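The values are calculated or read from the model by the stated rules, or taken from the named source; none is laboratory data. Note that the coordinates shown come from a computational prediction; the quantities given were computed from them, not determined experimentally. Cβ placement follows ideal geometry from the backbone for every residue including glycine, while neighbour counts extend to all protein chains displayed. Ligands, DNA and RNA are excluded from the accessible area calculation, which covers all protein heavy atoms including side chains. Shrake-Rupley method; radii C 1.70, N 1.55, O 1.52, S 1.80 Å.
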Amino acid sequence: MPELPEVEITARRLDAALRGATIESALAPGMVALKSVTPPLEALVDLEVSGVRRVGKMPVVEAGAGDERLALLVHMMSAGRLQLFEERASLRDRRSRILIRLTDGRELRLREFGTKQRAWGKVLAAEDVADDEMVATLGPEAWPAPSVEELAKVVDQPRHLHPLLRDQRSIAGIGRSWVDEILWEARLSPFKKGSEMNAEEVERLHAGLAVLGAAIEHYEEVVGETIPDKMPMPLQVHRREGEPCPRCGETIAAIHYAERITCYCPKEQTGGKVLADRRLSRLLK
Ligand SMILES: [Zn+2]
């Protein structure tokens with residue numbers, strides 16, 4: 001599940017590797033993946049890649065120069081990866097959503113793991129990226145962190161912190177893995193309502209956002225030129241149900257949902273309370 005730190009390191013590595021490379025062809029073997037009508041994906045052909053950057057959880061590949069500059073805005077959803085390969089994939093590789101072939105023989109691939117086809121890419125004029133619906137509606141970037149004052153405004157909503165922080169329109173870049181880490185770092189309950197936080201709690205949440213920058217630093221050290229299929233995520237609590245809390249030793253608890261899991265330390269985050277597991281409550285109904 002690529003979130004801000006994973007997409008940031010992906011964009012950095014791809015930027016270093018792709019800058020100056022010329023696009024020979026651009027294909028979308030799974031038509032579902034291609035959202036744009038105009039310009040078509042083929043508009044990228046013959047253009048030189050001018051850079052790769054990140055906005056929220058989306059990588060943006062830019063190509064061409066001057067007024068003709070185009071951008072490929074990519075949304076990896078929950079199981080997509082944007083990876084560079086030395087050789088071309090078979091068109092029958094069912095994981096491939098978009099294939100950008102370069103004249104030097106390499107290939108940039110948007111691949112998707114799992115059975116669902118959700119990842120997508122979209123070509124648009126580079127200057128229009130900021131106005132694209134998916135970009136224009138984003139809240140402030142979670143990293144570098146907004147000011148404490150700005151964060152206080154972001155969280156002033158009568159919603160639980162867990163969904164609030166994962167809502168890209170509130171704050172951009174956080175998903176289901178890093179939200180657990182941020183809330184654990186800040187010693188805040190996933191079920192605390194944003195609008196019920198006091199100033200000191202907002203400051204703790206602000207400090208908690210630092211886990212994103214720390215993750216990027218970690219990736220800078222351990223991720224080589226190629227982005228691996230499985231990122232070495234430095235997680236302390238997410239997916240660590242039943243393990244001791246690295247800070248206080250309490251057993252990490254979890255709440256299971258259909259498509260995600262929320263992990264937390266009951267002693268430090270929920271006042272000692274172990275919250276009802278939604279799977280169990282559903283069965284008991
Ligand atoms: Zn703890």
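Would you mind calculating the gained length between residue 226 and residue 118 on full extension (0.36 nm times residue separation, minus the Cα-Cα distance), in nm to one decimal?
36.5 nm
How large is ³J(HN,Hα) for each residue in region 150-167, as worked out from phi by the Karplus curve 6.51 cos²θ - 1.76 cosθ + 1.60 (θ = phi - 60°), to whole Hz, x for Gly and Pro?
Whole-Hz 3J(HN,Hα) from phi for region 150-167: 5, 5, 4, 5, 4, 8, 6, 9, x, 9, 5, 4, 4, x, 4, 6, 8, 7.
Using only the alpha-carbon atoms of the chain as identical scatterers, what base-10 log of I(q)/I(0) does the Debye formula give at q = 0.07, 0.10, 0.13 Å⁻¹?
Rounded to two decimals, the profile gives -0.29, -0.57, -0.91.
Given R₀ = 22 Å, FRET efficiency for residue 203-residue 156 by Cβ-Cβ distance, to 0.05?
That pair, residue 203 with residue 156, gives E of 0.90.
Tell me, what % of the accessible area of region 1-135 is carbon and sulfur with a 1.4 angstrom probe? Mind showing how you got there, number by number?
On the way: 2940 of 6040 Å².
Ligands and nucleic acids excluded, carbon and sulfur reach 49 percent.
Dipole size in debye (nearest 20) for region 198-277 around its Cα centre, Lys and Arg Cβ +1, Asp and Glu Cβ -1?
It works out to roughly 320 debye.
If amide H atoms are built 1.01 Å from N in the plane of the peptide, which residues on other chains or at least 5 residues away come under 5 Å of the amide H of residue 47?
Residues meeting the criterion, in which the H sits 1.01 Å from N, are 23.
Taking only the alpha-carbon atoms of region 151-285, what semi-axes of the equivalent ellipsoid follow from 5 times the gyration tensor eigenvalues under a square root, in whole Å, largest first?
23, 20, 15
Anything over 24 Å Cα to Cα? Flag those among 230/273; 57/273; 116/192; 230/267; 57/267; 153/193, in the order listed.
Those over the limit are 230/273; 57/273; 116/192; 230/267; 57/267.
How big is the charge dipole of the chain about its Cα centre, in debye rounded to the nearest 20, if each Lys and Arg gets +1 on its Cβ and each Asp and Glu gets -1 on its Cβ?
Roughly 1560 debye, rounded to the nearest 20.
Report, in deg cm²/dmol and to the nearest 500, the calculated mean residue ellipticity at 222 nm for the chain, where each DSSP H run with n ≥ 4 adds -39500 (n - 2.57) and the sum is divided by the residue count.
-7000 deg cm²/dmol
Once amide H atoms are placed 1.01 Å from N in the peptide plane, what residues at a sequence separation of 5 or more from residue 118, or on another chain, have their amide H within under 5 Å of its amide H?
none
Rounded, prolate or oblate: which one fits region 20-143, using the alpha carbon gyration tensor with axes a ≥ b ≥ c (rounded when a/c is under 1.5, else prolate when a/b beats b/c, else oblate)?
Taking the square roots of the gyration eigenvalues as a ≥ b ≥ c, region 20-143 is oblate.
To the nearest 20 Debye, how big is the dipole of region 197-240 about its Cα centre, given +1 on the beta carbon of each Lys and Arg and -1 on that of each Asp and Glu?
Values: 4 positive and 8 negative charges, 60 e Å.
I would put it at about 300 debye.
Throw me the Rg/Rh for region 10-91, computed over C-alpha atoms with Kirkwood Rh, two decimals.
Taking Rg over the Kirkwood Rh, I get 0.93.
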